[in-house]
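Colleague: Please see the structure below; I have some questions.
The values are calculated or read from the model by the stated rules, or taken from the named source; none is laboratory data. These figures come from a predicted structure and were not determined experimentally. So basically every Cβ, Gly included, is an ideal-geometry build from the backbone, and we count neighbours across all protein chains shown.
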Amino acid sequence: MVSPDMDRERAVMIVAGEASGDLHGASLVHEMKALDPSLTFCGVGGRRLEAEGVRLVAHSSDMAVVGLTEVFSKLRHILGVFFRLRRMLREERPRLLILIDYPDFNLPLASSAKRAGVKVFYYISPQVWAWRKNRIQRIRRVVDRMAVILPFEKAVYAEMGFEVDFVGHPLLDAVKRTRTREEAIAAFGLRDTWPTVALLPGSREKEVTSLLPEMLGAAAILARDFEGSQFVLPLADTVDAGLVDAIIGKYTVAVTVLPGQMYDAVGISDAAMVASGTATLETALLETPMLIAYRASPLTAAIGKRVVRVDHMGLANIIAGKTVVPELFQDDATAEKLAAALKAILSDRARYDAIRRDLAGVREKLGEPGASRRAARIALGLMTTGTTDQGSGSGVEGEKT
């Protein structure tokens, strides 16, 4: 029900169904509230959005799925959340609906919002450049404004007759180390030795159970081949620590688990094994050489092989436009092959340094910092006048000079 003292003109619904969406959504909400403290927010998200004062209808950790098979196990819950949000759009009619990626849920919700007369701002595009490009026509019909965060996405939409705003990537503001190498080593109880390797098995339970055993097997091989090696695992807040501890307990290799220490842990690491996703870009921005790994269900992998139209799967390689770091998927993502790929990087100083230079180049392609502030101005423009603040700030659209 609608709160009697709620100002519908200042009410915003936001939906972030994944851990990365929670991170970017929280930054957007923070900037919007800085520009207009009277705003109120509700929707779907995680710990970060809740910390920004968003009233959560559902938690993103219960909505995130990997591939087709996992959808079925969560479908009843996801549909329940969808129908509740749709009812809220009809009855409470917030001034604006903000959608972050998560297209198979968010695009139908956008249609409901349009029927309810609620404006729709889509922040962070679905990966239409990789597969199902025809979704752009549907997006045009149900979205009032789209902001994209990858430099090539604007041209992809323009080809289909839809002008969107490139605001830069929000990770440019988020990915920052808080400790020096010496401070982090002391805080984490590590040794100042070579190599320190970070294990990033993903932010969802299915990813962790599939990839972490292979990463630990690879770590055991590296520990044998590199006498000074040590391993850290920066635990995502969407992953149960007990699950991770139980998997690690089956292996003899020592791993230091560091909850909530992603950037400091990866920043001091000499190399990393990373599940494909946002974490690959975060690792790239920290200029830590890595390999990218992923395993999906056989059904999901078979369908993906037929419909995905990109040369690379990892964001770092996609943005670079070439193979900067190795990618190992499905049957190639084994302990032996992961260890061999990382050993090849760590044993070749010229290649190691070249990877670091190329990762620095990835940062340069992502535009200027301030993406969340630029996106916030677009969102507020939709709420106030139905238009956006246009202009170019440091070569990136969406912010007044």
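Colleague: Looking at the range 221-248 only, could you name the residues that are assigned to a loop (DSSP other than H, G, I, E, B) and in contact (Cβ under 8 Å) with a residue 12 or more places away in the chain? It would help to see each step written out before you state the result.
Modeller: Let us first name the residues in the range 221-248 that are assigned to a loop (DSSP other than H, G, I, E, B), namely 226-229, 234-240.
226, 228, 229, 234, 235, 236, 237, 238, 239, 240 - these are the residues of the range 221-248 that are assigned to a loop (DSSP other than H, G, I, E, B) and in contact (Cβ under 8 Å) with a residue 12 or more places away in the chain.
Colleague: Test each condition in (1) part of a loop (DSSP other than H, G, I, E, B); (2) modelled with pLDDT under 95; (3) closer than 26 Å to residue 351 by Cβ for residue 279 and report the one that comes out false.
Modeller: Answer for residue 279: the failing condition is (1).
Colleague: If I go through the range 85-101 residue by residue, how many of them are farther than 15 Å from residue 148 by Cβ and outside any helix (DSSP H, G or I)?
Modeller: 6
Colleague: Shifting gears a bit: Tell me which of these residue 163 doesn't satisfy, since it passes every other one: (1) modelled with pLDDT under 90; (2) not assigned by TED's automatic domain parsing to the domain that holds residue 253; (3) not β-branched (Val, Ile, Thr).
Modeller: With (1) modelled with pLDDT under 90; (2) not assigned by TED's automatic domain parsing to the domain that holds residue 253; (3) not β-branched (Val, Ile, Thr) applied to residue 163, the lone miss is (1).
Colleague: Further, regarding this structure: Find the residue count for the range 73-128, including only residues that are among the acidic types (Asp, Glu) and either at pLDDT below 90 or closer than 30 Å to residue 171 by Cα (or both). If you could, list the steps in order and put the result at the bottom.
Modeller: Residues of the range 73-128 among the acidic types (Asp, Glu): 91-92, 101, 104.
From what is left, the residues that are either at pLDDT below 90 or closer than 30 Å to residue 171 by Cα (or both) are 101, 104.
Total meeting the criteria: 2.
Colleague: Moving on. Can you pull out every residue in the range 141-165 that is more than 17 Å from the chain's Cα centre (by Cα), surrounded by 15 or more Cβ atoms within 10 Å (Cβ to Cβ) and within 24 Å of residue 383 (Cβ to Cβ)?
Modeller: If the condition is that a residue be more than 17 Å from the chain's Cα centre (by Cα), surrounded by 15 or more Cβ atoms within 10 Å (Cβ to Cβ) and within 24 Å of residue 383 (Cβ to Cβ), then 142, 143, 144, 145, 146, 154, 157, 162, 164, 165 are the ones that fit.
Colleague: Residue 175 - would you say it is surrounded by 15 or more Cβ atoms within 10 Å (Cβ to Cβ) and over 30 Å from residue 88 (Cβ atoms)? Give the derivation first.
Modeller: Values: surrounded by 15 or more Cβ atoms within 10 Å (Cβ to Cβ): yes; over 30 Å from residue 88 (Cβ atoms): yes.
Answer is yes for this residue.
Colleague: Sort out which residues of the range 300-345 are more than 24 Å from residue 361 (Cβ to Cβ), at pLDDT 95 or above and outside any loop (DSSP other than H, G, I, E, B), and write them in order of number.
Modeller: Scanning the range 300-345 gives 335, 336, 337, 338, 339, 340, 343.
Colleague: Separate question: Tally the residues that are of a type in the set (Gly, Ala, Ser), more than 20 Å from residue 289 (Cβ to Cβ) and touching a strand residue (DSSP E or B) at 6+ places or on another chain (Cβ under 9 Å), restricting the search to the range 151-199.
Modeller: In the first step, residues of the range 151-199 are kept if they are of a type in the set (Gly, Ala, Ser); the result is 155, 158, 161, 168, 174, 184, 186-187, 189, 198.
Subset that is more than 20 Å from residue 289 (Cβ to Cβ): 155, 158, 161, 168, 174, 186-187, 189.
Add one more test, that the residue is touching a strand residue (DSSP E or B) at 6+ places or on another chain (Cβ under 9 Å), and what stays is 168, 189.
Residues flagged as of a type in the set (Gly, Ala, Ser), more than 20 Å from residue 289 (Cβ to Cβ) and touching a strand residue (DSSP E or B) at 6+ places or on another chain (Cβ under 9 Å) within the range 151-199 amount to 2.
Colleague: Here is a follow-up. Just to be sure I understand the filter: pairs with C-beta atoms under 6 Å, separated by 6 or more residues or on different chains, first member in the range 27-43 and assigned to a helix (DSSP H, G or I), second member surrounded by 21 or more Cβ atoms within 10 Å (Cβ to Cβ) and of a type in the set (Lys, Arg). Which pairs pass?
Modeller: 31/373
Colleague: Residue by residue through the range 341-364, note down the ones that are surrounded by fewer than 17 Cβ atoms within 10 Å (Cβ to Cβ) and out of contact with any helix residue (DSSP H, G or I) (no Cβ under 7 Å at 6 or more places or on another chain).
Modeller: Within the range 341-364, 344, 347, 348, 349, 350, 353, 354, 356, 357, 360, 364 meet the criteria.
Colleague: In the range 163-191, what residues are in a helix (DSSP H, G or I) and either touching a helix residue (DSSP H, G or I) at 6+ places or on another chain (Cβ under 9 Å) or among the small types (Gly, Ala, Ser) (or both)? Give the steps one after another, and end with the answer.
Modeller: Start the filter on the range 163-191 by keeping residues that are in a helix (DSSP H, G or I), which leaves 171-174, 181-188.
Once the filter is applied, which keeps residues that are in a helix (DSSP H, G or I) and either touching a helix residue (DSSP H, G or I) at 6+ places or on another chain (Cβ under 9 Å) or among the small types (Gly, Ala, Ser) (or both), the range 163-191 yields 171, 172, 173, 174, 181, 183, 184, 186, 187, 188.
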